[in-house]
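Novice: Just passing along the structure, written as structure tokens.
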Amino acid sequence: MNFSLSIVVPVFNEEKRLNKTFSELEEFVKIKRFSSEGMPFSGVKNLEIIFVDDGSTDRTKQIIENLKSELRISLISYRENKGKGYAVRRGMLCAKNDYALTFDADMSTSLEELQKMIPFVEKKYPVIIGTRKVKGAKMIPPQPFFRKKLGEAYTIFANLIMGVWVSDFTCGFKLFSREARDIIFPSAKIDRWSYDAEILYLAKKIVLIFVKFQLYGKTTLTRAFVCVRI
């Protein structure tokens, strides 16, 4: 299955991390160009890259402006810091392709992990999320103990409140179909902390109904999203 891909990268004061971000994106574009030779990501037929500058006060915007022509990057920028949730939503609503992937600019999850999501794209899952908190998943470097426990408490609380079971709400590596984006993101309201939990709540409450009756035309699908170990 061939599909077009949008990449949405929210950034805020990331000047020290952007070299790594651009390095990975350049490598990904290089692999994609030679996909006809059987390289990974051979299913990606068209690519757009969108950076959303969430009111950075350092040189983030300038660095992206200087480098964007090399990768044909679109830049969305505004003065006021509105929050990561707002930035992700803005980028997703501008994305034009079949699927849109968002991830953190620090590249804590490598773009190579997208390959694990391709089988679920082929099955037309509307929302595919990465998880670092299942058996076999690795975090390099490991999270500090306090941060890890705080994340675990947040995950338990969010699952109980929203009636879903997701092992890793805060992993930034998430993939959305066009149909899912068109329904989830116009309905999202949270701009800052816990925006990711709201997105997955909407995936359960809204996208599931949409998928059952409009995308697949049957009622046998029991969940709107799938978690992929990274």
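The values are calculated or read from the model by the stated rules, or taken from the named source; none is laboratory data. This is a predicted model, so every value here is computed, not measured. Neighbour counts run over all protein chains shown; Cβ positions are idealised from the backbone, glycine included.
Novice: For region 62-98, what are the residues that are acidic (Asp, Glu) and crowded, with 16+ Cβ neighbours inside 10 Å?
Specialist: Of everything in region 62-98, just one residue is acidic (Asp, Glu) and crowded, with 16+ Cβ neighbours inside 10 Å, namely 98.
Novice: Also: For region 169-192, which residues satisfy the criterion of being assigned to a loop (DSSP other than H, G, I, E, B) and in contact (Cβ under 8 Å) with a residue 40 or more places away in the chain?
Specialist: The answer is 171, 172, 173, 188, 190, 191, 192.
Novice: Kindly establish whether residue 44 is touching a strand residue (DSSP E or B) at 6+ places or on another chain (Cβ under 9 Å) and modelled with pLDDT under 95.
Specialist: It is true that residue 44 is touching a strand residue (DSSP E or B) at 6+ places or on another chain (Cβ under 9 Å) and modelled with pLDDT under 95.
Novice: Just one of the numbered conditions (1) of a type outside the set (A, V, I, L, M); (2) loosely packed, with under 13 Cβ neighbours inside 10 Å; (3) modelled with pLDDT of 65 or more is not true of residue 135; which one?
Specialist: The number of the failed condition is (3).
Novice: I'd like the full set of residues that are among the basic types (Lys, Arg) and more than 20 Å from the chain's Cα centre (by Cα), limited to region 69-98.
Specialist: Once the filter is applied, which keeps residues that are among the basic types (Lys, Arg) and more than 20 Å from the chain's Cα centre (by Cα), region 69-98 yields only 79.
Novice: Restricting attention to region 155-174, report how many residues are farther than 22 Å from residue 82 by Cα and either among the hydroxyl-bearing types (Ser, Thr, Tyr) or at pLDDT 90 or above (or both).
Specialist: Count: 2.
Novice: Can you tell me how many residues in region 97-119 are within 20 Å of residue 87 (Cβ to Cβ) and either among the polar types (S, T, N, Q) or touching a helix residue (DSSP H, G or I) at 6+ places or on another chain (Cβ under 8 Å) (or both)?
Specialist: 12
Novice: So residue 141 fits all but one of (1) closer than 19 Å to residue 21 by Cβ; (2) modelled with pLDDT of 80 or more; (3) of a type outside the set (Val, Ile, Thr); (4) assigned to a loop (DSSP other than H, G, I, E, B); what number is the exception?
Specialist: So the condition that residue 141 fails would be (2).
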